[in-house]
Amino acid sequence: MSVTPPFNPPTRILMGPGPSGANPRVLRAMTAPILGHLDPEFLRIMDECRTMLRRVMRTENDVTLATPGTGTSGMEAAVMNLVEPGDRVVVGICGYFGERIAQMAERAGGEVTRVQAAWGSPVDPEAVRAVVRSAGNVKLIGVVHAETSTGVQNKIEPFSAIAKESGALLLVDCVTSLGGVAVEADAWGADAVYSGTQKCLSAPPGVAPITLSSKAFDAVKARETPCNTWYLDMALLEAYWDGRRQYHHTAPISMIYALHQALALVLEEGLENRWARHERNGRALQSGLEAMGLVLHADEGYRLPVLTTVRIPDGVNDAEVRGALLKRNGIEIGGGLGDLRAKVWRIGLMGESSTPGNVLLSLSSLGKILREQGFKADTNAAIDAASERLGGA
Ligand SMILES: *Cc1c(COP(=O)(O)O)cnc(C)c1O
């Protein structure tokens with residue numbers, strides 16, 4: 001017997017809400033030699049990440065960097081830096097991640113008003129406008145672009161208009177959208193946009209891209225009380241990422257390599273092509289699921305292509321189906337979060353995982369397992385419907 005435990009993580013087809021499968025080039029980049037975090041070669045790689053991040057996030061903001069930590073670190077950096085005790089904050093919430101923004105804003109001492117939508121519907125901009133108007137002097141409006149808990153995509157332009165007319169800063173969570181669905185930080189007039197590496201950018205979880213407008217960064221610098229987090233203090237992080245190179249933390253070297261190659265892959269594919277690929281595969285999966293006899297959960301017209309929620313039919317065992325998919329087919333899909341627990345499945349088609357092959361394989365695998373569970377899934381119709389959408393490419 002070996003003196004150490006075996007280490008053999010299997011290869012999975014990652015079709016859950018994240019992480020997605022990583023591109024081999026990204027994984028190879030992570031095996032490159034470790035450089036010192038102030039080595040000129042490493043600083044060049046950081047600078048290139050910054051330049052590529054601006055292109056992928058569609059922004060010219062100076063303050064564009066990657067925080068150490070998963071997507072949540074980007075959220076925490078944005079919220080903790082922009083909210084001071086007593087600040088009025090309005091968060092449009094239509095699922096789990098919107099609520100997380102609200103909780104962070106409360107921890108930062110903000111006076112938070114939640115504008116809630118049903119889990120499966122988008123946030124109503126008119127409801128947000130009414131609350132912003134009646135509250136007056138709102139510092140920050142927060143909304144999630146791609147709500148991964150429900151599969152809903154919020155249109156951002158209406159919230160931009162509200163931020164503009166009220167003078168509030170606009171925070172947009174793009175963790176699940178960046179690299180899969182059009183994110184237009186500057187065109188939206190968004191003041192804080194953050195993401196993660198493990199969703200549509202297809203790198204391992206570990207760093208969080210974030211960009212702040214000059215208006216947002218001015219607000220950070222004008223704080224009366226220091227930011228509640230030292231590690232994610234954007235002024236300190238910027239002093240490390242910009243020409244000053246002031247030591248703040250040791251950059252997670254291999255994750256920055258991964259980010260570099262993930263961004264390069266996005267730009268080589270082309271943003272528009274990449275959005276079109278996610279759109280095509282996502283709609284094919286959705287057509288297939290409906291043709292199979294299942295019901296999609298999110299409101300039509302607001303369905304994300306990168307994350308689909310589908311209702312679990314009566315009499316079907318959630319854990320058994322997901323367990324069989326994983327064990328037999330190596331496919332991971334996600335269960336429901338919060339209010340949607342055991343009510344929906346969440347099927348991701350993000351980054352590397354968004355392929356026609358994965359669409360067809362997941363439909364045929366799911367169809368077979370559902371029939372064993374007593375649900376009359378029409379797998380042939382599902383494959384036909386999906387193939388038709390895929391073939392229209
Ligand atoms: C995944 C996700 C997060 C959190 O990212 P982690 O990488 O899990 O920390 C935040 N917001 C949304 C919308 C997400 O999908």
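Structure notes:
- Within the range 167-182, being within 12 Å of the ligand (Cβ to nearest atom) and within 21 Å of residue 93 (Cβ to Cβ) holds for 171, 172, 173, 174, 175, 176, 177, 178, 181.
- Residue pairs meeting the criteria (Cβ under 9 Å; at least 6 apart or on separate chains; first touching a residue at least 40 places away in the same chain (Cβ under 8 Å), in the range 1-25; second open to solvent by 90 Å² or more (accessible area, probe 1.4 Å) and outside any strand (DSSP E or B)): 21/11; 21/12
- The set of residues in the range 282-339 that are hydroxyl-bearing (Ser, Thr, Tyr) and assigned to a helix (DSSP H, G or I) contains only 287.
- Here residue 139 qualifies as open to solvent by 40 Å² or more (accessible area, probe 1.4 Å), away from the ligand (no atom under 16 Å from the Cβ) and among the basic types (Lys, Arg).
- The condition of being within 14 Å of the ligand (Cβ to nearest atom), modelled with pLDDT of 95 or more and not in a strand (DSSP E or B) does not hold for residue 132.
- Long-range neighbours under 6 Å by Cβ, at least six apart or interchain, first residue closer than 11 Å to residue 201 by Cβ within the range 175-189, second in a helix (DSSP H, G or I) and among the small types (Gly, Ala, Ser): 175/71
- Screening 106, 76 for residues that are closer than 17 Å to residue 174 by Cβ and open to solvent by 50 Å² or more (accessible area, probe 1.4 Å) leaves exactly one candidate, 76.
- You will find that of 64, 70, 59, the residue that is in contact with a Lys or Arg (Cβ under 7 Å, 6 or more places away or on another chain), in contact (Cβ under 8 Å) with a residue 24 or more places away in the chain, hydroxyl-bearing (Ser, Thr, Tyr) and closer than 30 Å to residue 239 by Cβ is 64 and no other.
- In the range 135-153, of all residues being in contact with a Gly (Cβ under 6 Å, 6 or more places away or on another chain) and assigned to a strand (DSSP E or B), the one that is nearest to residue 18 (Cα to Cα) corresponds to 147.
- Count of residues meeting criterion [assigned to a loop (DSSP other than H, G, I, E, B) and surrounded by 13 or more Cβ atoms within 10 Å (Cβ to Cβ)] in the range 239-259: 6
- Annotation: residue 209 fulfils all but one of (1) at pLDDT below 95; (2) within 16 Å of the ligand (Cβ to nearest atom); (3) not aliphatic (A, V, I, L, M); the unmet one is (1).
- Residue ID - nearest to the chain's Cα centre (by Cα), chosen from residues in the range 180-218 that are open to solvent by 10 Å² or more (accessible area, probe 1.4 Å) and closer than 24 Å to residue 254 by Cα: 199
- Qualifying residue in the range 276-294 (condition: open to solvent by 60 Å² or more (accessible area, probe 1.4 Å) and of a type in the set (Ser, Thr, Tyr)): no
- Selection from the range 363-380 of residues that are open to solvent by less than 30 Å² (accessible area, probe 1.4 Å) and either at pLDDT below 95 or not polar (S, T, N, Q) (or both): 363, 366, 367, 369, 370, 377
Rundown of residues vs (1) of a type in the set (Gly, Ala, Ser); (2) out of contact with any Asp or Glu (no Cβ under 7 Å at 6 or more places or on another chain), yes/no style:
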{"site": "17", "(1), (2)": "no, yes"}
{"site": "58", "(1), (2)": "no, no"}
{"site": "63", "(1), (2)": "no, no"}
{"site": "74", "(1), (2)": "yes, yes"}
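- Flag if residue 47 is in contact with a Lys or Arg (Cβ under 8 Å, 6 or more places away or on another chain) and in the same structural domain as residue 129 (by TED's automatic domain parsing): no
The values are calculated or read from the model by the stated rules, or taken from the named source; none is laboratory data. Bear in mind the structure is a predicted one, so any value in this text is a computation, not a measurement. Please note: Cβ atoms are built from the backbone with ideal geometry, for glycine as well, and neighbour counts cover all protein chains shown. All accessible areas refer to the heavy atoms of the entire protein, side chains included, with ligands and DNA or RNA removed. Shrake-Rupley method; radii C 1.70, N 1.55, O 1.52, S 1.80 Å.
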